[in-house]
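Below is one structure, written out as structure tokens; comments come after it.
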Amino acid sequence: MHRLNEKLLAAAQKVKQAEKIRSDLAQVEDTLAREKARFKQLQRQVHKEGKDVKKLEGLSISSLFYTILGSKEEQLDKERQEYLAAKLRFDQCQEVIDSLEQDRHNLREKLEILADCETEYQYLLQEKERLLLAENSYASQKLFQLTEQLAALSGKQRELVEAINAGRAVVQLLDEAHNSLQSASNWGVWDMLGGGLISTAVKHSKIDDAKNAVYRVQNAMHSFMRELKDVGSAINQVNIDIGSFATFADYFFDGLIADWVVQSRIKNSLNQVFSAQKSVHNVLLVLQQQLQITDSELERKQQEYQDFLAKI
């Protein structure tokens, strides 16, 4: 019975893992469909806003900043600003779609590896039920109950660890974006004081670094949101508003355009990054507290299992 319990516990964990992967895959496909619809909308907007779309679409974001916002007259051109904002969102949306398609591919591969886990679990479960019926003892029933509880706690622990790791990845990327923006802000001040072409070029480079970091942030945000949904379904105490994470890049780019055009500093965008950092840190604190509780519960349940096993 003990050996059978160990096999059943391992099989139950695989089944839980497969259920999570299917849930993640459904979320990825749903998000991918929405992003593809958004991509078409942004594509139409880019074409509408651009006066010479074919020429402008071939330029990098840095070149667009230089070309469109290079002079005070052009900075006051509202249509050009709207085109640049649309182009930033368009490029970011393409990055998200590419990332989601890769996620979908990876999840399908993982699910394929676990294809037979439910059959294995059902077989072991039937074998255990046969033994329980044959013995019909309190010890057998108790071991079965403890095995189920251990499987549930192990699944909860794994989901929390995955959510925390996803959140830490977001924090790291937000730090990169923050550092790039802070550097761009410092160079921007020097540029305003007459730093010349070199300071302008460095400022463009740092803005480009921040833009790329935000692309990666948004992709990491999608992964983090999926993990939070998994945790939320397993742990009722974790009630977190994650809607703002989905639109982080849009708010960031709005702030970036406003900073560049009106202030020539990077205050609004830095505020967006700081706000996101604060939100993610708060979520991580909740998750880490839940993980500590779950670790303790799992440890107690494992000890209870071993103690009971030693008595029978």
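Quick one: which of Lys40/Lys278; Lys14/Lys301; Lys128/Lys156 span more than 29 angstrom between C-alpha atoms? With Cα atoms farther than 29 Å apart: Lys40/Lys278.
If the segment from Lys142 to Gln41 were pulled out straight at 0.36 nm per residue, it would be longer than the present Cα-Cα gap by 30.6 nm.
Exposure proxy for Asp209, Asp295: other Cβ atoms within 10 Å of each Cβ, ordered fewest to most, give Asp295, Asp209. Neighbour counting of Cβ atoms within 10 Å sorts the residues Leu256, Leu153, fewest neighbours leading, into Leu153, Leu256. The order of His47, His178, His105, going from fewest to most other C-beta atoms within 10 Å of their C-beta, is His105, His47, His178.
Each reported figure results from applying straightforward, stated rules to the coordinates on display, with no laboratory input. The structure displayed is predicted, hence computed values, not measured ones. Cβ sites come from the backbone with ideal geometry, for glycine too, and all protein chains shown count toward neighbours.
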